[in-house]
Structure formats: structure tokens, C-alpha cells
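The values are calculated or read from the model by the stated rules, or taken from the named source; none is laboratory data. Fair warning: this is a prediction, and the values are worked out from it, not measured in the lab. Cβ placement follows ideal geometry from the backbone for every residue including glycine, while neighbour counts extend to all protein chains displayed.
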Amino acid sequence: MTHNLILEQTEVAQWHSLIQEAKQHCSCELDESMESYLVFTLMRFMKDQDLATQAMALGYLRSQGLPKSLRIEQLRDIGDQCLLVSGLYPQRAEKRLVRVSYYVDMGRSAYHHISDNVQKSAAELYRQLAEAFVTMMDLLQTIREFSSPAMQPIQNLELWSDTGSQRAFDQFATHATPLHESLIDTMTRQ
């Protein structure tokens, strides 16, 4: 995948431009509030060396015993980290022997839980985050592929099957077609 060098005056503008480019590459759409949330999440966690080093499920369970404001904060961090891991660092799932969809499910659940426990205006934001999670993950995976290899076809097949990710399906179809044709050729020769 070719990628243009993005040189903007601010970090916010650079992330925004990168997201715009990714949206064009994967034909994804996000509304302005989701796009802004994604930019600020990227800025907040990009220097975090410990991103998702602990099991998300344990953090999720521990959050349930916290006072409401701390629980909301921890669940937001879990949702955000799951989004970044599923989009930018799917190899971490493989190293932990879980599917990328584990992070998708955990992140969406965290955002849904927040939406059920905050005031109406904030609840709508977190409900939208839960609903747009897969689209935002797709955008982040597109950004990842600007500088890293794509996920393997089997990983894309699993991700599409588990989450309905259109991008994962497109990637699977693109990379699996030669494999499929090769198998047919091998089978017809026998």
C-alpha cells in the first residue's frame, strides 16, 4: 500500500490527515465526533509503552468494584486500549493466543457499560463508540498497513466472521483468491 508522507503543523492535524487518508483507502465513514474521539485517543495512548499489557477482562472485572467515576474512567481506558490494540497492534492478540475479536468485544462492552451509567449527553457518545468500534478498528488497521504488513488471510477471515468487519472481508478476499485458485489447480491436476 502506498502512503503519502503527512506533514502538518500540529500533532492533531497530522492524526486527522492520517485518518482522512485511511478513510479514503478503506471507504469507511465516521462522523465528526467519532473522528475527533479517535484522534484524541491516538494522541493520549501513542506514547504509552504499557498499552494493553494486562488482561482486559481482569481490568473490566476490577472496575466493577470501583466508585462510579473511577469505574467509568477505567472502562473508558479499557475501551480505548482495546480499540488501539485491535486496530494498530493485532499481533498482540496473536501473542496472547486470543483472537482480535476478543479486544473488539471487550472494548464494545466497556463503551456500552459506560453509556448505561452516565448522563444522557455522554451516554450517546459512548453508545456511538460501541456501534462504530469496528469501523474505527478498520481505519486503524488501514493506518497500520501504511507501514506494516497486512494481517494474514486466516486472521482476516476470523475477524470478519467474528465482527462483520468489511475491511477484513475485503482483505481476506484479496489475499485468499490466489490461494483459492492455486488449490483448485492442484485439485484438478490429480
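Has the stretch 47-56 got any residue that is in contact with a helix residue (DSSP H, G or I) (Cβ under 9 Å, 6 or more places away or on another chain) and of a type in the set (D, E, K, R)? Yes, the stretch 47-56 contains at least one residue that is in contact with a helix residue (DSSP H, G or I) (Cβ under 9 Å, 6 or more places away or on another chain) and of a type in the set (D, E, K, R). Being basic (Lys, Arg), exposed (fewer than 15 other Cβ atoms within 10 Å of the Cβ) and outside any loop (DSSP other than H, G, I, E, B) is true of Arg44. Filtering the stretch 52-97 to residues that are within 22 Å of Arg167 (Cα to Cα) and among the hydrophobic types (A, V, I, L, M, F, W, C) leaves Cys82, Leu83, Leu84, Val85, Leu88, Ala93.
Of the residues examined, Pro67 is not one that is within 18 Å of the chain's Cα centre (by Cα) and either of a type in the set (D, E, K, R) or under 24 Å from His112 (Cα atoms) (or both). Screening the stretch 146-167 for residues that are under 17 Å from Cys28 (Cβ atoms) and without any contact (Cβ under 8 Å) to a residue 24 or more places away in the chain and picking the one that is surrounded by the fewest Cβ atoms within 10 Å (Cβ to Cβ) gives Trp160.
Criterion first (more than 22 Å from Gln155 (Cα to Cα) and among the basic types (Lys, Arg)) does Lys47 satisfy it? Considered against the rule, which asks whether it is more than 22 Å from Gln155 (Cα to Cα) and among the basic types (Lys, Arg), Lys47 comes out as yes. Figure legend. Inter-residue proximity from the stretch 3-27: first residues within 15 Å of Asp138 (Cα to Cα) and surrounded by 13 or more Cβ atoms within 10 Å (Cβ to Cβ), second residues modelled with pLDDT under 85 and β-branched (Val, Ile, Thr), beta-carbon distance below 6 Å, spacing 6+ or different chains. Indicated pairs: Leu18/Ile6.
The residues on offer are Leu70, Leu61, Leu97, and the sole one that is on the phi > 0 side of the Ramachandran plot, without any contact (Cβ under 8 Å) to a residue 12 or more places away in the chain and loosely packed, with under 13 Cβ neighbours inside 10 Å is Leu97. Taking the criterion of being over 16 Å from the mean Cα position of the chain (by Cα) and farther than 22 Å from Lys68 by Cα, the residues of the stretch 83-130 that qualify are Lys95, Arg96, Leu97.
Out of Val104, Val85, Val39, Val118, one residue alone is out of contact with any strand residue (DSSP E or B) (no Cβ under 7 Å at 6 or more places or on another chain), outside any helix (DSSP H, G or I) and surrounded by 14 or more Cβ atoms within 10 Å (Cβ to Cβ). It is Val118.
Return yes when Ala130 is in contact with a Phe, Trp or Tyr (Cβ under 7 Å, 6 or more places away or on another chain) and surrounded by 14 or more Cβ atoms within 10 Å (Cβ to Cβ) and no when it is not. Spelling it out, Ala130 is indeed in contact with a Phe, Trp or Tyr (Cβ under 7 Å, 6 or more places away or on another chain) and surrounded by 14 or more Cβ atoms within 10 Å (Cβ to Cβ). Among the residues of the stretch 147-155, is any part of a helix (DSSP H, G or I) and modelled with pLDDT under 85? Yes, there is a match, as at least one residue in the stretch 147-155 is part of a helix (DSSP H, G or I) and modelled with pLDDT under 85.
Is it true that some residue in the stretch 59-78 is of a type in the set (A, V, I, L, M, F, W, C) and modelled with pLDDT under 85? Looking for residues that are of a type in the set (A, V, I, L, M, F, W, C) and modelled with pLDDT under 85, one finds none in the stretch 59-78, hence no.
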